[in-house]
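The values are calculated or read from the model by the stated rules, or taken from the named source; none is laboratory data. Nothing here was measured: the structure is a model prediction, and the numbers come from that model. With ideal geometry, Cβ positions are generated from the backbone for all residues, glycine too; neighbour counts draw on all protein chains shown. For accessibility, only protein heavy atoms count, side chains too; no ligands or nucleic acids. Shrake-Rupley method; radii C 1.70, N 1.55, O 1.52, S 1.80 Å.
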Amino acid sequence: MDYDLIVIGAGPGGYEAAFEAADLGMKTALVEKEETGGTCLNRGCIPTKALLHAAELYRSMKEAEAAGVCAKEILYDPRKMQQRKREVVLQLRKGIEDTAKRKKVELIRGTGTVCGEGRVSVRTAAEERLLTADRILIATGSRPIRPPIEGISLPGVVTSDELLEYEEPVGSLVIIGGGVIGVEFAALYQALGTQVTVIEAMPQLLPNLDRELAQSLKMLMKKRGIAVCTGARVEAIRQRESGGLVCEYTADKPDTAEADAVLVCVGRRPYTEGLFAEGFRPDMDRGCIRVNERYETSLPGVYAIGDVTGGIMLAHAAAAEGRNAARIMAGRAEAADMRWIPSCIYTEPEIACVGMTADEAKAAGIDADSRKVPMGANGRTVIAGGERGYIRVVSERETGRILGAQMMCARATDLISEFTQALSAGLTVGDLARVIRPHPTFSEAISDAVRG
Ligand code: NAI
């Protein structure tokens, strides 16, 4: 065998698995047909957050007078924002490639196809190589779904992949799908002065998230001038003769929304095109590769992790699965606790949650206590002139055991880790109440919430 392990796909799931495997002494190859870093680094989390950072800076500067800072003629330059975004991506990509070198993980460029037991062919425009390994790990991720809506292929109808590359301001934008990508892009473009309309088929934004968080976000988005239509399904997109696009949708009654561009973000699907040779395919379930609790597919020696297996499509979940899978292959205990996976949404203020909501605890028959602390009384929030927000903590009434937390506030995406750790360690509200949190910080609101 050429390798102990061949990983196909160098996103966060794939490269973390390869690094862990190398640390455990396995001779590892990492096959990638595009850029190192996958969707997260090249077309997802990192570029989106780089642009959101610039947009929030622009908004803060415009609102700085409230803090006594006067600036005139505040402008943004989409080309420079794109340039900065590219620099961030390049720097992080170099970090991953340097780590691969240091850990002696061989980065192989080309399209990988699993063509038999322990065999992977890697194709480039110039050649095809056959590699062999004891084990193969699939970490090929996912691609945006383009739903079969009339007009979906018109120019100006784009997915997040293309919109992230726009170098010109967008006057108006209709977003089809009020999921995670939809609300983050709504926040980004609204902050840059674009007229944004979000059309979501389900009765609430972020249908997979807590109702209260979704409702709070909807109110905030409307207050900022974003048009939000929930319970509305887009049926067709048409080109107007005078330029621009019209989305036809039905909520209570048929209606239309006009825009210069339409962003389609109605979910992602596993990426398996060309991944398996004829006659050597694993069991699949609605396009997702099926795996057992050891990340094994139905093919001998072939494992899969991350978006390609369906489930929670998050970079940090894929990375944790990747590390666990490598450890299982090496006969070690899993390192990451997969029971508690936090969700984070980079709106302003940020949204984060982990574990159970009060509704979910009730549905599970648990007698739960739910404490909500508004951020209006938090010193640091008042200093920052923050929007109203809150932290809600759900615990078991009898024992005080933490069951979950939902928050919408500054730094929510960092603060949530305190609760993920509490869940993993089985801590109670009493345990969290004993901790001294510095003053003045956003985290003091956690003390308020757990002290009751
Ligand atoms: P999503 O599944 O979060 O949301 C898609 C939304 O589109 C749903 O709410 C659905 O009801 C709606 N929809 C479907 N068909 C529609 C139609 N015809 N008209 C109107 N609405 C329609 O998927 P999204 O936002 O595309 O994100 C893809 C994946 O990427 C998700 O799994 C997400 O978790 C991940 N992601 C995570 C981020 C984060 O953690 N901060 C950021 C961006 C993406």
task: Could you list, in sequence order, all residues of the range 121-180 that are open to solvent by 40 Å² or more (accessible area, probe 1.4 Å), within 13 Å of the ligand (Cβ to nearest atom) and touching a strand residue (DSSP E or B) at 6+ places or on another chain (Cβ under 8 Å)?
output: Arg143, Ile145, Arg146, Glu150, Val180
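Let's see how each residue does on (1) out of contact with any Pro (no Cβ under 7 Å at 6 or more places or on another chain); (2) modelled with pLDDT of 95 or more; (3) under 27 Å from Pro148 (Cβ atoms); (4) within 13 Å of the ligand (Cβ to nearest atom):
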{"site": "Ala259", "(1), (2), (3), (4)": "yes, yes, yes, no"}
{"site": "Leu263", "(1), (2), (3), (4)": "yes, yes, yes, yes"}
{"site": "Arg269", "(1), (2), (3), (4)": "yes, yes, yes, yes"}
{"site": "Glu273", "(1), (2), (3), (4)": "yes, yes, yes, no"}
{"site": "Ala277", "(1), (2), (3), (4)": "yes, yes, no, no"}
{"site": "Met284", "(1), (2), (3), (4)": "yes, yes, yes, no"}
{"site": "Ile289", "(1), (2), (3), (4)": "no, yes, yes, no"}
{"site": "Asn292", "(1), (2), (3), (4)": "yes, yes, no, no"}
{"site": "Gly301", "(1), (2), (3), (4)": "yes, yes, no, no"}
- request: Determine whether the range 99-107 contains at least one residue that is at pLDDT 95 or above and more than 23 Å from Glu321 (Cα to Cα).
  value: no
query: If we scan the range 381-400, do we find a residue that is under 27 Å from the mean Cα position of the chain (by Cα), farther than 22 Å from Asn208 by Cα and among the basic types (Lys, Arg)?
result: yes
Helices (runs of 4 or more DSSP H) contained in the range 133-247 and holding at least 2 residues polar (S, T, N, Q): 211-223
statement: If we ask which residues in the range 181-194 are open to solvent by 20 Å² or more (accessible area, probe 1.4 Å) and among the small types (Gly, Ala, Ser), their number turns out to be 1
query: Can you tell me which residues in the range 195-243 are within 27 Å of Leu154 (Cα to Cα), touching a strand residue (DSSP E or B) at 6+ places or on another chain (Cβ under 7 Å) and away from the ligand (no atom under 13 Å from the Cβ)?
result: Gln195, Val196, Ile226, Ala227, Arg238, Gln239, Arg240
- request: Only residues in the range 281-297 that are assigned by TED's automatic domain parsing to the domain that holds Leu137 and in contact (Cβ under 8 Å) with a residue 12 or more places away in the chain count as the first member; pair them with residues that are assigned to a loop (DSSP other than H, G, I, E, B) and basic (Lys, Arg), Cβ under 8 angstrom, at least 6 apart or cross-chain, and list the lot.
  value: Pro282/Arg290; Asp283/Arg290; Met284/Arg290; Thr297/Arg290
task: Might you let me know whether the range 363-370 holds any residue that is within 26 Å of the chain's Cα centre (by Cα), more than 17 Å from Thr420 (Cα to Cα) and open to solvent by 70 Å² or more (accessible area, probe 1.4 Å)?
output: no
field: Check on Val157, under 23 Å from the mean Cα position of the chain (by Cα), of a type outside the set (S, T, N, Q) and under 29 Å from Met61 (Cβ atoms)
entry: no
field: Candidate set: the range 33-55, residues that are over 11 Å from the mean Cα position of the chain (by Cα) and small (Gly, Ala, Ser); chosen: the one farthest from Leu90 (Cα to Cα)
entry: Ala55
message: Here are the criteria: (1) within 14 Å of the ligand (Cβ to nearest atom); (2) under 30 Å from Lys372 (Cα atoms). Tell me which single one Cys247 does not satisfy.
response: (2)
- prompt: For the range 32-73, how many residues are more than 22 Å from Thr140 (Cα to Cα) and of a type in the set (Val, Ile, Thr)?
  reply: 1
- prompt: Between residues in the range 430-452 that are under 20 Å from Gly389 (Cα atoms) and residues that are assigned to a loop (DSSP other than H, G, I, E, B) and open to solvent by 50 Å² or more (accessible area, probe 1.4 Å), which pairs lie under 7 Å by C-beta distance while being six or more apart or on different chains?
  reply: Phe442/Arg411
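Inside the range 34-65, can you point out the residues that are touching a residue at least 40 places away in the same chain (Cβ under 8 Å) and under 30 Å from Ile383 (Cα atoms)? Talk me through it step by step, then tell me what you get.
At the first step, the residues of the range 34-65 found to be touching a residue at least 40 places away in the same chain (Cβ under 8 Å) are 35-49, 51-52, 55-56, 58-59, 63.
Those that are touching a residue at least 40 places away in the same chain (Cβ under 8 Å) and under 30 Å from Ile383 (Cα atoms): Cys45, Ile46, Pro47, Thr48, Lys49, Leu51, Leu52, Ala55, Glu56, Tyr58, Arg59, Glu63.
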query: Of all residues in the range 308-323, which are within 11 Å of the ligand (Cβ to nearest atom) and out of contact with any helix residue (DSSP H, G or I) (no Cβ under 7 Å at 6 or more places or on another chain)?
result: Gly310, Gly311, Ile312, Leu314, His316, Ala317
message: For the structure I just gave you, tell me whether Leu403 is surrounded by fewer than 21 Cβ atoms within 10 Å (Cβ to Cβ) and either in contact with a Lys or Arg (Cβ under 7 Å, 6 or more places away or on another chain) or in contact (Cβ under 8 Å) with a residue 40 or more places away in the chain (or both).
response: no
